[in-house]
Amino acid sequence: MHLGRTTLSKFLIENISGTQDGAALAALLVDVAAAVKAISALSAKGALGGATGTLDTINVQGETQKPLDVLSNTAFVNTFQLGGLVAGVASEEMDDPFPIQPPHTRGPFLAIFDPLDGSSNIDSNVSVGSIFSILRAPETGEPVLQDYLQPGVKQVAAGYSVYGPATLMVITVGNGTHGFTLDREVGNFILTHPNMQIPADTNEFAINTSNERFWEPPVTRYIGECKAGKTGPRERDFNMRWIASMVAEVHRIMMRGGIFMYPRDTKDVSKPGRLRLMYEANPMGFIVEQAGGRASTGRERILDIQPDLIHQRVPVILGSRNEVDRVVHYHAQYDAGSDQPYESPLFNERGLYRP
Ligand code: AFP
């Protein structure tokens with residue numbers, strides 16, 4: 001069923017072009033869509049387009065790069081460099097932020113992105129995606145590292161794309177979260193999911209349970225209660241998913257609810273989490289909150305974190321607000337040394353946490 005033929009461009013003109021920097025932001029998001037289309041075409045070619053396999057290069061994360069990682073990064077960097085709407089970019093695939101230099105024109109924004117999220121899934125043809133975050137650039141001059149290190153609440157736009165059977169873009173500019181599907185025949189993104197809302201409750205959790213022995217007690221408690229199902233304190237059965245592509249997990253949650261968890265664990269105590277704040281947790285946190293969900297580290301709202309490093313990692317617990325609130329409550333109880341049963345006075349008879 002087509003919800004009409006509102007294109008991304010028409011949507012942006014109608015919804016943001018009249019706001020501060022709105023016209024420039026709308027143009028920037030159209031540029032992002034162009035990069036997404038290019039990556040979608042590359043991804044769809046698979047091995048025929050040289051997008052699979054492994055390179056002999058290692059990125060700043062210490063991860064072996066895939067050709068599609070590098071091709072996607074190039075697509076975004078070229079788009080931003082030629083678009084004249086950003087003053088600098090930062091990427092999962094680049095050690096340091098990259099200022100836009102003459103003869104290219106600088107613009108009023110900074111773009112921070114994970115050009116290809118879920119790289120471990122490329123060769124197995126499982127959905128991957130891109131994630132982006134847009135911040136305001138300094139009024140004048142070349143941006144320096146500190147200019148990028150803004151908390152998530154400062155984002156002016158964020159979004160992700162999913163390269164699956166269909167290619168989708170889901171974006172927010174702070175007035176709700178909206179989904180667009182690529183009509184490949186004409187090359188337009190069509191508004192198919194206006195005002196997305198995440199159900200407040202869910203029976204579905206997503207976590208990499210191979211890390212269970214490294215979890216903190218509140219996470220072990222929460223997942224244990226989910227696995228106990230009808231016979232346990234939650235008195236209902238849960239389902240589990242783990243795709244290992246954050247974009248695909250988040251999109252499933254946007255469509256039917258759920259809780260996604262990559263919590264702090266003791267597997268590598270030098271890393272407070274696996275996921276990166278600036279180009280995974282912050283943009284996804286903005287998108288999820290704008291759809292009525294929550295995004296927390298378990299101990300604080302992700303969008304409130306003051307970043308220290310461009311590739312900083314954080315714990316991520318996001319999705320259906322009543323479940324995220326419950327996990328946050330369990331962390332608070334644990335940190336306070338309280339061993340109250342889960343039916344704490346804060347939870348009503350249905351076991352839902354009431355602030
Ligand atoms: P890659 O892009 O290196 O595949 O990492 C993807 C990711 O950052 C995120 O998209 C997944 O949710 C998570 O890592 C999967 O991590 P595990 O491989 O440890 O399950």
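The values are calculated or read from the model by the stated rules, or taken from the named source; none is laboratory data. Since the model is a prediction, treat every value here as computed from it, not as a measurement. With ideal geometry, Cβ positions are generated from the backbone for all residues, glycine too; neighbour counts draw on all protein chains shown.
Selection of the stretch 258-295 for residues being surrounded by 24 or more Cβ atoms within 10 Å (Cβ to Cβ) and of a type in the set (Ser, Thr, Tyr) yields only 279. Looking across 281, 228, one residue alone is within 12 Å of the ligand (Cβ to nearest atom) and aliphatic (A, V, I, L, M). It is 281. Can you tell me which residue in the stretch 235-251 is farthest from the chain's Cα centre (by Cα), limited to those that are free of Cβ contacts under 8 Å to residues at least 40 places away in the same chain and not in a loop (DSSP other than H, G, I, E, B)? So, considering only residues that are free of Cβ contacts under 8 Å to residues at least 40 places away in the same chain and not in a loop (DSSP other than H, G, I, E, B), the one farthest from the chain's Cα centre (by Cα) is 239. One residue stands out in the stretch 183-234 among those that are assigned to a strand (DSSP E or B) and in contact with a helix residue (DSSP H, G or I) (Cβ under 6 Å, 6 or more places away or on another chain): the one that is surrounded by the fewest Cβ atoms within 10 Å (Cβ to Cβ), namely 191. Taking every residue in the stretch 254-280 that is in contact (Cβ under 8 Å) with a residue 40 or more places away in the chain and pairing it with any residue that is of a type in the set (Phe, Trp, Tyr) and away from the ligand (no atom under 15 Å from the Cβ), at least 6 positions away or on another chain, the pairs with Cβ-Cβ distances below 9 Å are 259/222; 261/222; 278/148. Just one residue in the set 228, 291, 295, 281 is over 30 Å from residue 147 (Cβ atoms) and not basic (Lys, Arg); that residue is 228. Among the residues of the stretch 281-306, those identified as more than 16 Å from the chain's Cα centre (by Cα) and in contact (Cβ under 8 Å) with a residue 24 or more places away in the chain are 298, 299, 306.
Within the stretch 235-252, restricting attention to residues that are under 20 Å from residue 283 (Cα atoms) and away from the ligand (no atom under 11 Å from the Cβ), the residue that is surrounded by the fewest Cβ atoms within 10 Å (Cβ to Cβ) is 252.
In the stretch 207-223, the residues that are under 19 Å from residue 325 (Cβ atoms) reach residues that are in a helix (DSSP H, G or I) and more than 14 Å from the ligand (Cβ to nearest atom) with C-beta atoms within less than 6 angstrom, at least six apart or across chains, in these pairs: 217/334; 218/330; 218/331; 218/334; 221/330; 222/327; 222/330. The single condition among (1) free of Cβ contacts under 8 Å to residues at least 24 places away in the same chain; (2) part of a helix (DSSP H, G or I); (3) small (Gly, Ala, Ser) that residue 17 does not satisfy is (2). In the stretch 47-60 there is at least one residue matching the filter, namely being surrounded by 14 or more Cβ atoms within 10 Å (Cβ to Cβ) and either modelled with pLDDT of 90 or more or in a helix (DSSP H, G or I) (or both). Scanning the stretch 165-182 for residues that are of a type in the set (Gly, Ala, Ser) and assigned to a strand (DSSP E or B) gives a single hit, 179.
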